[in-house]
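Read through the structure below, which is laid out as structure tokens, and then see the notes.
The values are calculated or read from the model by the stated rules, or taken from the named source; none is laboratory data. Quantities reported herein were computed from a predicted structural model and do not represent experimental measurements. Virtual Cβ from ideal backbone geometry, glycine too; neighbours counted across all protein chains shown. Surface accessibility is based on the protein's heavy atoms, side chains included, excluding ligands, DNA and RNA. Shrake-Rupley method; radii C 1.70, N 1.55, O 1.52, S 1.80 Å.
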Amino acid sequence: MIRKPTTTARYVTGDDLFSRWRDDVHTGTGPLVFSHSLPAPALIAGQVTLIGGAPGAGKTALIMQAVVEALRANETLRAAVCNVEMTPTVLLDRQLARLSGVPLDVIRHRKIAEEHAERIDAGLSTVESFIERLAFLEPPFDLKNIAGTADAHRADIIVADYIQRVGPEGDISDPRLRANSIMDTLRKFAMAGCAVVAVSAVGRSRDNAGRSTYAAGSLS
């Protein structure tokens with residue numbers, strides 16, 4: 001008896017894929033890597049990079065520095081950043097502090113003195129050199145808005161910071177299913193040619209003694 005299909009399947013067999021993959025191994029050029037000055041993370045077109053860490057570990061600082069340095073190193077590169085917890089001006093304040101060497105508190109509280117002027121001007125000039133190619137999402141912070149912004153801005157890099165707070169497609173209440181749905185969609189963005197960075201907060205896990213910890217060896 002021939003069983004009638006009950007679902008619609010989307011897949012490719014290994015046999016169908018093999019010849020294209022074999023030719024690519026021999027003659028392909030490899031993925032497009034957007035260079036920057038940091039040893040990590042890699043910003044690679046067609047790839048989703050997940051950055052996880054405890055609260056306050058510096059996840060946002062790391063990825064924003066990588067994106068900014070990539071924009072500085074690649075004059076045609078464009079990036080879209082979805083940051084659920086920090087406003088664009090806060091993110092720019094932090095980059096200006098890094099680029100100028102002026103303390104963040106001075107910039108944050110707008111206490112710029114004459115002694116800071118030259119460095120602030122140099123930092124602002126650096127930011128101005130790439131700012132047109134950088135976009136920040138405004139609410140709603142969901143996948144639909146990320147996709148629309150990436151298309152409108154013609155983004156090569158998409159940052160979702162952080163994914164637990166990004167709204168998925170559809171009404172999904174279970175946290176694990178939400179994360180799975182979001183990662184599935186981010187992978188679609190990557191398959192469209194973008195370098196995607198997903199930032200994830202992690203919760204405390206138990207170590208061998210049963211104590212709550214953020215230690216790397218104990219995180220699941």
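In table form, for the structure just shown:
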{"item": "Region 1-16 - residue that is open to solvent by 80 Å² or more (accessible area, probe 1.4 Å) and either basic (Lys, Arg) or not in a loop (DSSP other than H, G, I, E, B) (or both) and, of those, modelled with the lowest pLDDT", "result": "3"}
{"item": "Residues that are touching a residue at least 40 places away in the same chain (Cβ under 8 Å) and open to solvent by 50 Å² or more (accessible area, probe 1.4 Å), drawn from region 33-56", "result": "47, 50, 52, 55"}
{"item": "Flag if residue 57 is farther than 22 Å from residue 148 by Cα and touching a helix residue (DSSP H, G or I) at 6+ places or on another chain (Cβ under 9 Å)", "result": "no"}
{"item": "Count of region 39-65 residues which are part of a helix (DSSP H, G or I) and under 13 Å from residue 158 (Cβ atoms)", "result": "1"}
{"item": "Residue match in region 67-81 (condition: of a type outside the set (A, V, I, L, M), surrounded by 14 or more Cβ atoms within 10 Å (Cβ to Cβ), in contact (Cβ under 8 Å) with a residue 12 or more places away in the chain and in a strand (DSSP E or B))", "result": "no"}
{"item": "Number of the exception - residue 156 against (1) surrounded by fewer than 18 Cβ atoms within 10 Å (Cβ to Cβ); (2) under 19 Å from residue 82 (Cα atoms); (3) among the charged types (D, E, K, R)", "result": "(1)"}
{"item": "Lone qualifier among 112, 120 - being buried (at least 18 other Cβ atoms within 10 Å of the Cβ) and either touching a Lys or Arg at 6+ places or on another chain (Cβ under 7 Å) or hydrophobic (A, V, I, L, M, F, W, C) (or both)", "result": "120"}
